[in-house]
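The values are calculated or read from the model by the stated rules, or taken from the named source; none is laboratory data. The shown structure was predicted, so the numbers you read here are calculated from the model rather than taken from an experiment. Cβ placement follows ideal geometry from the backbone for every residue including glycine, while neighbour counts extend to all protein chains displayed. SASA here: full protein model, heavy atoms, side chains in, ligands and nucleic acids out. Shrake-Rupley method; radii C 1.70, N 1.55, O 1.52, S 1.80 Å.
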Amino acid sequence: MNSSQFKINEFKKFCSIVSFKPTEVENISNNLENYYKEWIEKKLDKKTGKPKHYLDGTEKVRVIRPSQKELKLIQLRIKNKILAPIQLPSSIHGGVKGCSNITNAKPHQGKKYVFTTDLQDFYPNISSKRIYETFCNFHFSSHFSHWMTKLTTWKSELPQGTPTSTHIANLVFLDTDLLLIDFCNKNNITYTRYVDDLTFSSQQDFQYLLSDILKIIIDNNFKLSHRKTKYKGLQTITGINVFLNKIDAPNNIIEKSNEEILENKDRKPYSNYLNNIRKTNVRGKAIS
């Protein structure tokens, strides 16, 4: 089979997987601006609810670019048929079926020392080129990788708000995950990642190893936006309060749950969320 025929076959294979005709896929790929929305959101502090700022006083924002119409359907099929079946390490909790911010926090319960950090502009800092190279490294052909990249990126980067972006970000960060997992296993440190939030914990003081951990991340061309270390006392990990013998929701969630119960509301999203957290505790009581 010559290269041109292989290229055609790979394109047909891609179209078959996403259940769209080749002419439809080509038309969408040539008019991507018609299949995305775009708006800017301020980044808010989870505790205060106020906008976050950089050191120079500039407000932190994120650009949301959700896909729509036929492109969103193609991306859903890419996610479900191609990306989701790829096995990831148990340390990764964001965008993984059956995992959540709750399962991300649970492994750190009872740990005396905790270090958390998050990645700066995680999605927009992942370029189309890096995504294409990642797909190729997963042994997709260059032609198949081209179409996967073309239909999941916009403006030469990974857009935030699409069905495929978290899965793709996980694959791009996987090499870094594996290095961190290996380093942490060798040093008796528990490591988890929930999208762009990284958490490390141990019963032993590992502050002297933080520079090594950060170097692994930076050497793999990712940027850190926030560093926070806490030793002893209340630990908050991906929105979950982590104690010695249990995990629990923050006070604002508990208060809203109590309001739902007192007002006997038909829908109780906060109570359901609180229940999902507390039922992970061996001795914890789930609310009804």
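Quick notes on this one:
- From D177, D196, residue being of a type in the set (D, E, K, R), touching a residue at least 40 places away in the same chain (Cβ under 8 Å) and in contact with a Ser or Thr (Cβ under 8 Å, 6 or more places away or on another chain): D177
- The residues in segment 101-129 that are over 29 Å from D205 (Cβ atoms) and not aliphatic (A, V, I, L, M) can be counted, and the count is 7.
- For segment 235-247, the count of residues that are open to solvent by 60 Å² or more (accessible area, probe 1.4 Å), under 17 Å from the mean Cα position of the chain (by Cα) and modelled with pLDDT under 95 is zero.
- Residue match in segment 27-36 (condition: at pLDDT 75 or above and farther than 30 Å from F122 by Cα): no
- Taking the criterion of being open to solvent by less than 30 Å² (accessible area, probe 1.4 Å), of a type outside the set (G, A, S) and closer than 14 Å to D196 by Cα, the residues of segment 84-114 that qualify are I92, H93, N101, N104.
- Unmet criterion (only one of (1) modelled with pLDDT under 95; (2) under 17 Å from H143 (Cβ atoms)) for F14: (1)
- The residues listed here are L32, L44; of these, the one that is surrounded by 15 or more Cβ atoms within 10 Å (Cβ to Cβ), among the aliphatic types (A, V, I, L, M) and out of contact with any Asp or Glu (no Cβ under 8 Å at 6 or more places or on another chain) is L32.
- When the test is whether a residue is of a type outside the set (A, V, I, L, M, F, W, C) and in contact with a Phe, Trp or Tyr (Cβ under 8 Å, 6 or more places away or on another chain), T116 passes it.
- So T176, is it in contact with a Lys or Arg (Cβ under 8 Å, 6 or more places away or on another chain), under 30 Å from P85 (Cβ atoms) and modelled with pLDDT of 85 or more: no
- Within segment 72-120, the residues that satisfy the criterion of being basic (K, R) and under 30 Å from R278 (Cβ atoms) are K97, K106, K111, K112.
- Search result, residues across segment 53-78 that are open to solvent by 50 Å² or more (accessible area, probe 1.4 Å), within 24 Å of L174 (Cβ to Cβ) and touching a Pro at 6+ places or on another chain (Cβ under 7 Å): L76
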